[in-house]
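Read through the structure below, which is laid out as structure tokens, and then see the notes.
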Amino acid sequence: MFTLVIGGSASGKSDYAERHVLSLEGSGPRLYIATMEPFGEEARSRIARHHVMRKDRGFETIECYRDPGSLELPADSNVLLEDLGNLMANEMFGRGTAQEDDWKNLSDRLAAALEKLLAGCAHLTIVTNEIFSGGKEYAGETLTYMRALAELNRILARRADLVVELVCGQPNVLKGSVPKRMPQKSVDEKQKEAEK
Amino acid sequence: MIFVTGPLFAGKQEYIMQALGWDQDAFERLAVRDVQDLAAHTPEEELPSLADRLAEKKVVIATEVGGGVVPMDPDERRSRESAGRLSCLLAARADTVIRVCCGLPRVLKGEELRRETREQQAQERERMRREFSANVSHELKTPLTSINGFAELMSSGLCDEGKMIEFAGDIYRESQRLIALVNDIIRISELDEGAVQRIEEKVDLVQAAKDTINLLSPVADRRRISISMESPAADGRGISGSMESPVADGRSISGSMENPVKEGGSDPAVWVVGSEHLIREMFYNLCDNAVKYNRDGGSVLIKIWREGEAASVSFTDTGIGIPSDEQDRVFERFYRVDKSHSRTLGGTGLGLSIVKHAAQFHDASVEMESSLGKGTTITIRFPVNSDTASWN
């Protein structure tokens with residue numbers, strides 16, 4: 001199953017995506033593909049902390065900042081990739097990254113890489129970012145980045161079995177239907193209950 | 001009316017065209033987009049009447065602008081609030097409201113869209129064709145009636161020699177109007193039918209603007225209107241010079257009959273790819289309007305600049321301006337804000353429509369800002385690819 005989860009900053013999209021992954025059928029490993037490139041010691045320690053937290057939730061974390069199509073995963077794996085905004089930014093602006101000339105068709109190239117990733121696993125859930133409603137005018141590289149991410153979102157939404165938009169933590173199903181086994185409580189709530 | 005909203009780049013236009021089975025031409029005729037810009041330039045109390053007028057269109061598209069942090073800048077905040085308010089007013093007036101996210105539609109009000117049948121599309125095309133024919137016939141008839149009247153008087157033998165010369169002059173002027181009108185009709189028909197050959201020439205916007213100034217300076221001089229140009233400085237960092245600056249700096253120039261703009265000056269070129277002929281026609285039409293609708297002793301400023309992935313040209317005049325409720329209509333064929341004024345000034349009513357079509361031909365955008373009694377700025381933004389960027 002291929003799922004796309006979109007939402008603004010702090011809209012609850014990560015939490016929803018984790019719950020969705022936990023609800024999917026299959027006995028394969030749950031893999032979390034982290035796309036945020038660590039800059040500085042603080043970021044590294046935060047990322048390490050997240051690794052441990054996700055391990056407790058049954059996820060193995062794989063760091064992948066670029067070219068997700070190159071990953072070789074177990075065929076029965078249940079994969080959560082977070083997030084597309086970082087992946088696109090890494091491709092465009094990251095260290096040792098391509099020049100502006102290579103930005104052409106970046107959405108198509110990333111979509112092809114994600115298609116390859118999808119072919120190599122049982123379930124793929126991708127978290128992406130809604131950064132298009134700020135009402136502010138951007139120019140130059142920022143506008144190019146926004147266009148490319150929006151195009152990639154549209155390509156993946158066409159391809160996905162399920163597309164869910166998160167607004168104030170509430171899911172708005174844009175396409176497909178949510179699996180019946182979807183847990184109602186959030187992962188954080190469950191975690192807190194377990195801690196008690 | 002169908003109101004379509006959703007985030008920026010969500011695929012709103014593509015969705016509506018696909019859902020209704022429209023081509024680009026149908027979309028341009030029947031839909032209006034970017035209403036946020038209209039909202040930003042409309043006083044709050046006029047927003048309901050703006051919504052009423054927009055609701056006459058078949059489709060209205062507005063980008064959602066409520067997300068993100070509330071802007072600190074008061075102008076930015078006001079324009080965002082106006083856009084949000086206009087969206088609410090439009091949604092209230094709409095039969096159908098659809099939100100598009102990631103290219104996926106969701107009906108918030110009304111029913112799912114149904115593709116227009118071929119018969120409905122053919123009827124709409126036929127209606128447009130009849131309307132265009134009626135307009136063309138009317139526009140052709142007016143100068144022909146004058147020519148016929150003057151020729152009749154002259155052939156009656158009742159005119160003295162002085163009157164004969166005067167009437168001959170009138171016939172000449174009216175026939176010139178006819179020629180201009182027929183040329184514009186041919187041009188717009190070619191653009192409409194996609195009959196304009198897609199030529200990919202390297203076009204220097206600076207040179208095209210200079211040549212336009214030289215062509216129109218004699219007309220402008222007669223009414224003491226100055227035409228100036230500002231273009232990027234040689235180091236490529238923004239615009240250099242000003243209207244008051246002397247010609248000698250090679251970047252800010254003014255043209256007049258006594259002091260025409262020299263060919264091949266030292267101004268750095270700003271390159272785009274397209275049809276040189278069409279770009280020059282757009283420049284001529286915009287500059288010609290800026291002079292025609294200016295006040296005596298006024299000014300026209302042509303600015304050329306590069307910004308990110310675009311090369312832009314703006315034409316600013318100090319003329320009569322266009323009322324806010326008519327700004328979205330002036331690009332329609334034969335639409336005139338003030339018909340009596342246009343009759344005196346002699347436009348064909350097709351100039352801005354040609355500009356709009358020619359801009360679409362180049363994948364360029366056209367924006368207008370106008371204030372009654374103060375003047376108008378029309379900006380064309382041409383896309384710049386990596387090849388043209390390297391020439392620039």
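Residue-level analysis places B:Phe9 outside the set of residues that are away from chain A (no Cβ under 14 Å), within 23 Å of A:Glu130 (Cβ to Cβ), crowded, with 16+ Cβ neighbours inside 10 Å and not polar (S, T, N, Q). One residue alone among B:Val35, B:Val4 is modelled with pLDDT of 85 or more and either surrounded by fewer than 19 Cβ atoms within 10 Å (Cβ to Cβ) or among the aliphatic types (A, V, I, L, M) (or both), and that residue is B:Val4.
Among the numbered criteria (1) in a helix (DSSP H, G or I); (2) open to solvent by 100 Å² or more (accessible area, probe 1.4 Å), which one does B:Arg114 miss? It fails just one condition, (1). In the stretch B:101-110, the condition of being in contact with a Ser or Thr (Cβ under 9 Å, 6 or more places away or on another chain), under 22 Å from A:Glu130 (Cβ atoms) and open to solvent by less than 50 Å² (accessible area, probe 1.4 Å) is met by at least one residue. Every condition in (1) in contact with a His (Cβ under 9 Å, 6 or more places away or on another chain); (2) open to solvent by less than 30 Å² (accessible area, probe 1.4 Å) holds for A:Gly94 except the one numbered (1).
Scanning the stretch B:284-321 for residues that are of a type in the set (D, E, K, R) and either assigned to a strand (DSSP E or B) or surrounded by 22 or more Cβ atoms within 10 Å (Cβ to Cβ) (or both), we see that the one that is nearest to the other protein chains (Cβ to nearest Cβ) is B:Glu307. Here B:Leu191, B:Leu205 are screened, and the one residue that is of a type in the set (A, V, I, L, M, F, W, C) and touching a helix residue (DSSP H, G or I) at 6+ places or on another chain (Cβ under 6 Å) is B:Leu191.
Residues in the stretch B:12-30 that are touching a residue at least 60 places away in the same chain (Cβ under 8 Å) and within 14 Å of chain A (Cβ to nearest Cβ): B:Lys12, B:Glu14, B:Tyr15. Only one of the numbered conditions (1) among the acidic types (Asp, Glu); (2) within 17 Å of the chain's Cα centre (by Cα); (3) surrounded by fewer than 20 Cβ atoms within 10 Å (Cβ to Cβ) is violated by A:Glu82, and that is (3). Restricting A:Gly169, A:Gly140, A:Gly69, A:Gly134 to those that are more than 14 Å from chain B (Cβ to nearest Cβ) and free of Cβ contacts under 8 Å to residues at least 60 places away in the same chain reduces the list to A:Gly69. In the stretch A:137-148, of all residues being in contact with a helix residue (DSSP H, G or I) (Cβ under 7 Å, 6 or more places away or on another chain) and open to solvent by 30 Å² or more (accessible area, probe 1.4 Å), the one that is modelled with the lowest pLDDT corresponds to A:Tyr138. Apart from one condition, B:Arg78 fits all of (1) within 12 Å of chain A (Cβ to nearest Cβ); (2) open to solvent by less than 60 Å² (accessible area, probe 1.4 Å); the exception is (2).
In the set (1) farther than 30 Å from B:Gln360 by Cα; (2) open to solvent by 30 Å² or more (accessible area, probe 1.4 Å), the condition left unmet by B:Gly169 is number (2).
Among the residues of the stretch A:149-160, are any surrounded by fewer than 19 Cβ atoms within 10 Å (Cβ to Cβ) and more than 10 Å from chain B (Cβ to nearest Cβ)? Scanning the stretch A:149-160 turns up at least one residue that is surrounded by fewer than 19 Cβ atoms within 10 Å (Cβ to Cβ) and more than 10 Å from chain B (Cβ to nearest Cβ). Residues in the stretch A:1-55 that are surrounded by fewer than 18 Cβ atoms within 10 Å (Cβ to Cβ) and within 14 Å of another protein chain (Cβ to nearest Cβ): A:Ser9, A:Ala10.
The values are calculated or read from the model by the stated rules, or taken from the named source; none is laboratory data. All values reported here derive from a predicted model rather than from experimental measurement. Cβ sites come from the backbone with ideal geometry, for glycine too, and all protein chains shown count toward neighbours. For the accessible areas, the whole protein counts, side chains as well, though only heavy atoms, and no ligand, DNA or RNA atoms are used. Shrake-Rupley method; radii C 1.70, N 1.55, O 1.52, S 1.80 Å.
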